[in-house]
1. Looking only at residues in the range 173-205 that are touching a strand residue (DSSP E or B) at 6+ places or on another chain (Cβ under 8 Å) and outside any loop (DSSP other than H, G, I, E, B), which one is surrounded by the fewest Cβ atoms within 10 Å (Cβ to Cβ)?
2. Residues of the range 206-224 being crowded, with 16+ Cβ neighbours inside 10 Å and over 20 Å from E164 (Cα atoms), which ones?
3. Just give me the residues in the range 125-165 being surrounded by fewer than 14 Cβ atoms within 10 Å (Cβ to Cβ), closer than 23 Å to I233 by Cβ and of a type in the set (G, A, S), in sequence order.
4. What residue, among those in the range 244-272 that are of a type in the set (A, V, I, L, M, F, W, C) and touching a residue at least 60 places away in the same chain (Cβ under 8 Å), is surrounded by the most Cβ atoms within 10 Å (Cβ to Cβ)?
Amino acid sequence: MSKIHQSFLAAISAVSILAVSITPAVASPHAVDHIVRSGDTLWQLALDRHTSIQVLKTLNHLDSDTILLGQKLLIPSQSVDSQSNENGSQGNRSVSAVHATGNNVYTVKSGDTLWGIAQAYGIPVSDLQAASNLHSDIIDVGQRLEIVCPDLADVPSYLIPVYEAAGQKYGIPWTVLAAIHKVETNYSERRSDVSSEGAVGPMQFLPTTFSAYGVTAPGQVGPPDVGNVYDAIYSASNYLAQNGYATNPELAIYAYNHSNQYVKTVMMYSNI
């Protein structure tokens, strides 16, 4: 190959690299840019913006939870309810706010598949197809899909103050406690609920686990009671806190029930 030919190819490569480096990322019309600052974590960004870690990872094509200082991320735009609560604690969110953030619009990007999007949001492919009136698995870049996420619209209103108080005491979002209660027993208060693995009561504790993490809720008397819904909720909050929820929510939820699908479901219901 001649030196002139080599120089010509090198010049083309340099121009190509430069073009790639200066091409701006195309943002979804339903997302805003965020530059990662010192102290930011993917979990905290998801919590602050009332979205989920999986949504952020899908939106930004991230393979892990690691983000770097100065990195540009796309963050889903917030609803009116989310914005009004931006400076409030997660524990003070109302059921209507949880319900309002249950639906999202996702813009298809290059490399996306219907199955991958459904997995990221923790919903069946069939639900995704039904919500967007799709008749096959074929999707196109730029296509907007309606995401109907599970929510906590059916949470018993009288239990919300219990979730909130237990969450505030141990630093757990009340929606996480409500989501666990929903997934475990559909908000049951029966002490007679026993799983095939021997988990007991409203929040489905194994007796050995409850003996280590059980606490008596304020206003209750006597030792912790696994069948008492108030004790059970406070004990679940204590368990999550002691299993590192503050630093790794997903791992703490996984410790509660060793299932990746369980973690996805709880996080989706709780909208974190």
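1. Among residues in the range 173-205 that are touching a strand residue (DSSP E or B) at 6+ places or on another chain (Cβ under 8 Å) and outside any loop (DSSP other than H, G, I, E, B), the one surrounded by the fewest Cβ atoms within 10 Å (Cβ to Cβ) is V194.
2. Answer for the range 206-224, where residues must be crowded, with 16+ Cβ neighbours inside 10 Å and over 20 Å from E164 (Cα atoms): T209, F210.
3. Of everything in the range 125-165, those that are surrounded by fewer than 14 Cβ atoms within 10 Å (Cβ to Cβ), closer than 23 Å to I233 by Cβ and of a type in the set (G, A, S) turn out to be A153, S157.
4. V266
Every residue, every condition in (1) under 29 Å from I53 (Cβ atoms); (2) under 25 Å from the mean Cα position of the chain (by Cα); (3) among the basic types (K, R); (4) part of a helix (DSSP H, G or I), yes or no:
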| site | (1), (2), (3), (4) |
| --- | --- |
| F210 | yes, no, no, yes |
| G219 | no, no, no, no |
| P223 | no, no, no, no |
| D231 | no, no, no, yes |
| Y234 | yes, yes, no, yes |
| S237 | yes, yes, no, yes |
| A241 | yes, yes, no, yes |
| I253 | yes, yes, no, yes |
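Read-outs throughout are calculated quantities, based only on the coordinates presented, and are distinct from any laboratory measurement. What you see is a predicted model, and the numbers here were worked out from it, not measured in a lab. Here Cβ is always computed from backbone atoms with ideal geometry, including for glycine, and neighbour counts include all displayed protein chains.
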